[in-house]
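For reference, the structure is listed below as structure tokens.
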Amino acid sequence: MTSSSDRSQAVDVQEPKTYEVRTYGCQMNVHDSERLSGLLEGAGYVRAPDGSDGDADVVVFNTCAVRENADNRLYGNLGRLAPMKTKRPGMQIAVGGCLAQKDRDTIVKKAPWVDVVFGTHNIGKLPVLLERARVQEEAQVEIAESLEAFPSTLPTRRESAYAAWVSISVGCNNTCTFCIVPALRGKEKDRRTGDILAEIEALVGEGVSEITLLGQNVNAYGSDIGDREAFSKLLRACGRIEGLERVRFTSPHPRDFTDDVIAAMAETPNVMPQLHMPLQSGSDPVLKAMRRSYRQDRYLGIIEKVRAAIPHAAITTDIIVGFPGETEEDFEQTMHVAREARFSAAFTFQYSKRPGTPAATMENQVPKEVVQARYERLVALQEQISWDENKKQVGRTLELMVAEGEGRKDGATHRLSGRAPDNRLVHFTKPDQEVRPGDVVTVEVTYAAPHHLLAEGAVLDVRRTRAGDAWEKRNAAEAPKPAGVMLGLPKIGAPEPLPVATGSGCGCD
């Protein structure tokens, strides 16, 4: 005979629903996607296994509107999911991010099988919108016109146990003619310094040893309160946080790159000797057409000051080739800046129209074949410069933070990979003792390639860290699986981070 307690234990036991988040675009989207994952897990969902390819109960697209064909890419992916949704009752599809903010109702019209459309300002609403769509059995489109909550204040599922994004601002006050981001993410809004530092301290308490300060225009931080030195003060404050070993930031704007920031970088030991500063073009007329508020001399002057203060700094950039009206002479000025600046790497893009931007309707659009030829010339030049700059690293002794999944060939070569203080990728010989992601090793560089370094000798030193402990703890403990999906309001908790990436990846800074 079954007791009433036995019967109650058998009721409502079901497999938890799974989710998958697909991310496109810049680090701000990566940061937002960690929050979307945290919100879903807070509502009882569990992450679908890697390689699920849409075979999940909820599939979320966090979109980017920077590229001309962004919508084609989205609708192609949505089309591939339509038959899967037909075969899987209860499956839900959500679309968020910049393209959702821009297209709004268009998405549901073109893909009526989408359940939820949400914007860049209200990512915290995702679990509620999914539940509302399920109950009401109709698509929910909710686009907020202003920020409801900083992404960093929402729950998170970090991709890394040892490195973290920390958002210090959202939005942008610039009006670059090629960029649609300010129209979609709004005017710049800064977080309180105390909130930023409290988040970083909480992350360090969890074992994080490297953070990246994140903003659409990160060094304009303080514009809300009229303090032009707020960003340099923030860097120095990060230097006083015990246990925080590495601080990076992305992406700054040359207009706001002041001498106090350079001094703070040079004088704060845990601020890394690395700078990603978008150039976009080396031509003054093109920069004017782009509404970039600096010129070639100003940009190269910043590079010169950074190198004088931080001799071993690695400087990377973004460059757009083929902006409307770009002449051969304009392009040669970009090549000139590349030769003078000696970038360790450049994220180089062929100009593509962004619907809704002033540049999309400008006259003198450069023919595709001309853009392609210039692009190939610039890539070839930068490849040689990157290689030459990397060769200067041979013989240097470097401290590497061991990374997870950086080297695709590490298994075959019996190597591990790590990031140097200047963010260069270094593959090193696997030592006899255990080394975990987040630990620090000391190596000597023996070989340079254009995009990585090798340390083929024995590891000189291994330092086990709290970050490595955090990685080990995360991987040792299987997350408990909930008995079912609880679709109430998501809990609010301390945010968490991601591995450091260089460059915005969208060329919009």
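The values are calculated or read from the model by the stated rules, or taken from the named source; none is laboratory data. Keep in mind it's a predicted model, so treat the numbers as computed, not measured. Cβ sites come from the backbone with ideal geometry, for glycine too, and all protein chains shown count toward neighbours. Note: areas computed on protein heavy atoms with side chains; ligands, DNA, RNA excluded. Shrake-Rupley method; radii C 1.70, N 1.55, O 1.52, S 1.80 Å.
Would you kindly work out the equivalent ellipsoid of segment 157-291 from its C-alpha gyration tensor and give its semi-axes, the square roots of five times the eigenvalues, largest first in whole Å?
Each semi-axis is the square root of five times an eigenvalue, giving 27, 16, 14 Å.
Of the GluC sites (Glu not before Pro) in segment 119-149, which ones lie in a loop per DSSP and count no more than 14 other C-beta atoms within 10 Å?
For GluC sites (Glu not before Pro) across segment 119-149 that sit outside H, G, I, E and B with at most 14 neighbouring Cβ atoms in 10 Å, the list reads 137, 138, 145, 148.
If you average 1/r over all unlike Cα pairs in the chain and invert the result, what Kirkwood radius do you get in angstrom?
The answer is 24.2 Å.
Give me the accessible area per residue for the chain, probe 1.4 Å, as a whole number in Å².
43
What trypsin sites (Lys or Arg not before Pro) does segment 403-471 have in DSSP loop regions with at most 10 other beta carbons within 10 Å?
Those that pass, being in a loop and sparsely packed, are 408, 409.
At most 14 other Cβ atoms within 10 Å and a DSSP loop assignment: could you name the trypsin sites (Lys or Arg not before Pro) in segment 251-307 that fit?
Passing both the DSSP loop test and the Cβ count: 291.
Check residue 61: other-chain or 5+ apart residues with amide H under 5 Å from its amide H, H built from backbone geometry?
When sequence neighbours closer than 5 places are left aside, the close amide H contacts are 22, 94, 95, 96.
Note the angle between two axes, namely the Cα long axis of helix 368-391 and the longest principal axis of the Cα atoms of the chain, as a number of degrees from 0 to 90, rounded to the nearest 10.
Between helix and principal axis, roughly 80 degrees.
Taking 41 Å as R0, compute the FRET efficiency from the Cβ-Cβ separation of residue 258 and residue 87 and round it to 0.05.
In this case the efficiency is close to 0.10.
How far, in degrees from 0 to 90, does helix 27-42 lean away from the longest principal axis of the Cα atoms of the chain, to the nearest 10?
20
Is there a quick way to get the dipole size of segment 91-153? I mean about its Cα centre, with the Cβ of Lys and Arg at +1 and of Asp and Glu at -1; what is the value in debye to the nearest 20?
Dipole about the Cα centre, nearest 20: 140 debye.
Heavy atoms only, 1.4 Å probe, whole protein assembly: order 57, 439, 50 by accessible area, highest first.
So the residues, ranked largest to smallest area, are 50, 57, 439.
Give the residue from 44, 420, 204 lying farthest towards the positive end of the charge dipole for the chain; charges sit on Cβ (+1 for Lys and Arg, -1 for Asp and Glu) and the dipole is referred to the Cα centre.
Checking the options against the dipole of the chain, the answer is 44.
Between residue 15 and residue 384, take the C-beta separation as r, use R0 = 56 Å, and let me know the FRET efficiency to the nearest 0.05.
0.55
Bin width 5 Å, alpha-carbon pairs only: give the P(r) of segment 298-433 as whole percents, running from 0 to the bin holding the largest distance.
Per 5 Å bin, starting at zero, the Cα-Cα P(r) for segment 298-433 comes out as 2, 8, 15, 16, 16, 13, 11, 9, 6, 3, 1, 0, 0 percent.
Stretch residue 335-residue 376 to full length: gain in nm at 0.36 nm per residue minus the Cα-Cα span?
Extra length from residue 335 to residue 376 when fully extended: 13.6 nm.
Say a paramagnetic label sat at a point 7 Å from the Cα of residue 241, along Cα to Cβ; which residues of segment 212-232 have their backbone N under 11 Å from it?
Correct set: 212-214.
Pop out the carbon and sulfur fraction of the accessible area of the chain as a percent, whole number, probe 1.4 Å.
The computed percentage sits at 50.
Can you find, among 165, 129, 139, the residue sitting farthest towards the positive end of the charge dipole of segment 123-165, where Lys and Arg contribute +1 and Asp and Glu -1 at Cβ?
165
Pairs of alpha-carbon atoms within less than 8 angstrom and 6+ residues apart define the contacts here; what relative contact order does the chain have, in percent?
18
Going highest first, how would you order 18-24, 114-120 by mean Cβ packing within 10 Å?
My ranking of the peptides, most packed first, is 114-120, 18-24.
Could you work out the relative contact order of segment 282-431, using alpha carbon pairs under 8 angstrom and six or more residues apart, expressed as a whole percent?
Contact order relative to length: 20 percent.
Taking just the alpha carbons, could you work out the radius of gyration and Dmax for segment 11-61, both in angstroms?
11.9, 44
In nanometres, what is the gap between the two model label sites at residue 360 and residue 469, each 7 Å from Cα along Cα-to-Cβ?
5.2
Cα-Cα over 21 Å: which of 189/233; 102/288; 102/187; 233/305; 102/353; 110/189?
102/288; 110/189
Using label points projected 7 Å from each Cα along Cα→Cβ, tell me how many nm separate residue 106 and residue 307, to one decimal.
Each label point is offset 7 Å from its Cα along the Cβ direction, giving 4.4 nm.
Return the long-range amide H neighbours of residue 18 (sequence gap of 5 or more, or a different chain), with a cut-off of under 5 Å between placed amide H atoms.
Here 46, 57, 58 satisfy the definition.
Using a Förster distance of 30 Å, how high is the FRET efficiency between residue 368 and residue 447, based on the Cβ-Cβ distance and rounded to 0.05?
0.20
Would you please report the Å³ per residue occupied by the convex hull of the alpha carbon atoms in segment 139-178?
Given the Cα convex hull of segment 139-178, per-residue volume reads 188 Å³.
Place a +1 charge on the Cβ of each Lys and Arg in the chain and a -1 charge on the Cβ of each Asp and Glu, then give the dipole magnitude about the Cα centre in debye, rounded to the nearest 20.
For this selection, approximately 520 debye.
What dipole magnitude, in Debye to the nearest 20, does segment 60-210 give about its Cα centre under +1 on Lys/Arg Cβ and -1 on Asp/Glu Cβ?
It works out to roughly 620 debye.
Which one, 75, 25, 63, is farthest towards the positive end of the dipole of the chain when Lys and Arg carry +1 and Asp and Glu -1 on their Cβ?
So the residue furthest toward the plus end is 75.
Kindly provide log₁₀ I(q)/I(0) values, in the same order as q = 0.16, 0.19, 0.20, 0.28 Å⁻¹, from the Debye equation applied to equal alpha-carbon scatterers of segment 120-187.
These q points yield log10 I(q)/I(0) values of -0.75, -0.92, -0.96, -1.19.
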